[in-house]
Amino acid sequence: MMHSMTRLRADEAAHLPITTDREVEERVALLLRNAIRRQWWTLYLDDDDVQLPLLMPMAGYPERPDLPSGEGGTAAQLIADRLSGIMRQVGAAKVVFVWERPGGPETTPYDREWARALAEACRTEGVVVRARLILHDGGVRWFAPDDYA
């Protein structure tokens with residue numbers, strides 16, 4: 001069971017699997033709290049759903065996921081390709097996506113566009129996505145399944 005909204009030390013996190021949706025939400029809330037700027041985060045889990053000691057922010061990502069990446073393919077395809085490589089390097093089995101952006105908890109057309117495009121690109125690359133969340137001014141919320149289907 002997760003600790004109730006207190007600080008979690010890295011050595012504790014290395015022994016606490018994140019097995020339920022509630023635990024995913026709590027972990028993200030413990031680590032990131034609320035939105036400050038537009039950026040995107042990835043958390044990585046091993047085969048036992050234990051968070052690996054890697055939390056990566058990505059600021060300055062393209063406004064639209066379908067924009068050409070400059071390396072062939074779209075921005076979403078390039079990100080999924082890079083994530084696949086990172087996951088192999090660190091031994092991750094799953095990834096958690098967190099879109100940080102100021103504003104309210106409702107998903108926007110922009111949020112849904114990125115979630116759908118990245119979901120498709122990750123399926124193509126074989127990247128297993130454990131969760132998709134939005135970090136907003138008031139905290140964390142889940143994407144609804146319809147937002148990325």
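Using a cut-off of 12 Å between beta-carbons, work out the net charge of the residues near Asp49 (Lys and Arg +1, Asp and Glu -1, Asp49 not included). Don't jump to the answer; show the numbers that get you there.
Numbers: positive: Arg27, Lys94, Arg130; negative: Asp21, Glu23, Asp46, Asp47, Asp48.
Every neighbour counted, the sum reads -2.
Pick from Gln89, Gln77, Gln39: which is most flexible by mean-square fluctuation in a GNM of the chain where alpha carbon atoms under 10 Å apart are linked?
Among Gln89, Gln77, Gln39, the largest GNM mean-square fluctuation belongs to Gln89.
What does the charge count around Arg141 come to, taking other residues whose C-beta lies under 15 Å from its C-beta (Lys +1, Arg +1, Asp -1, Glu -1)? Can you show the working numbers first?
Numbers: positive: Arg22, Arg27, Arg33, Arg101, Arg112, Arg132; negative: Asp21, Glu25, Glu26, Glu100, Glu106, Asp111, Asp137, Asp146, Asp147.
Net charge in that neighbourhood comes out at -3.
Could you tell me which residue out of Gln51, Cys122, Trp40 lies farthest along the dipole of the chain toward its positive end? Charges go on the beta carbon: Lys and Arg +1, Asp and Glu -1, centred on the Cα centre.
Toward the positive end, the furthest listed residue is Trp40.
Ranking Val50, Val128, Val140 by Cβ neighbours within 10 Å, fewest first, what do you get? Display every interim value, and only then the final one.
Values: Val50 16, Val128 12, Val140 23.
Neighbour counts put them in this order, fewest first: Val128, Val50, Val140.
Would you mind calculating the relative contact order of the stretch 34-107 from Cα pairs under 8 angstrom and at least 6 residues apart, reporting the percent as a whole number?
Values: 101 pairs, mean separation 34.9, N = 74.
Answer for the stretch 34-107 is 47 percent.
Over the chain, what portion of Cα pair distances is larger than 22 Å, expressed as a whole percent?
Working: 4066 of 11026 pairs.
Tail of the P(r) past 22 Å holds 37 percent of the pairs.
Can you give the helix-only mean residue ellipticity at 222 nm for the chain, where every DSSP H stretch with n ≥ 4 adds -39500 (n - 2.57) and the sum goes over all residues, rounded to the nearest 500 deg cm²/dmol?
On the way: 4 runs with 49 residues, N = 149.
That calculation yields -10500 deg cm²/dmol at 222 nm.
Would you mind ranking Val90, Val96 by Cβ crowding within 10 Å, fewest neighbours first?
So the residues, fewest neighbours to most, are Val90, Val96.
Pairs of alpha-carbon atoms within less than 8 angstrom and 6+ residues apart define the contacts here; what relative contact order does the chain have, in percent? Don't jump to the answer; show the numbers that get you there.
Working: 265 pairs, mean separation 39.9, N = 149.
So the answer I get is 27 percent.
Over the chain, with a Gaussian network built from C-alpha contacts below 10 Å, which listed residue (Leu78, Leu55, Leu133) shows the highest mean-square fluctuation?
Result for the chain, Cα springs under 10 Å: Leu55 fluctuates most.
Residues with amide H under 5 Å of Lys94's amide H, sequence separation 5 or more or different chain, H placed in the peptide plane at 1.01 Å from N; which?
Close amide H contacts, sequence-distant or interchain: Leu45.
Summing Lys, Arg as +1 and Asp, Glu as -1, what charge do residues with Cβ under 14 Å from the Cβ of Arg88 carry, Arg88 excluded? Intermediate results must be reported in sequence, preceding the final value.
Working: positive: Arg82, Lys94; negative: Asp46, Asp47, Asp81, Glu125.
The answer is -2.
Using the 10 angstrom Cβ neighbour count as an exposure proxy, how do His15, His136 rank, fewest first? Each step should come with its number before you reach the end.
Values: His15 7, His136 20.
Lowest count first: His15, His136.
None of the figures in this text is laboratory data; all of them are computed from the coordinates on show. Fair warning: this is a prediction, and the values are worked out from it, not measured in the lab. Neighbour counts run over all protein chains shown; Cβ positions are idealised from the backbone, glycine included.
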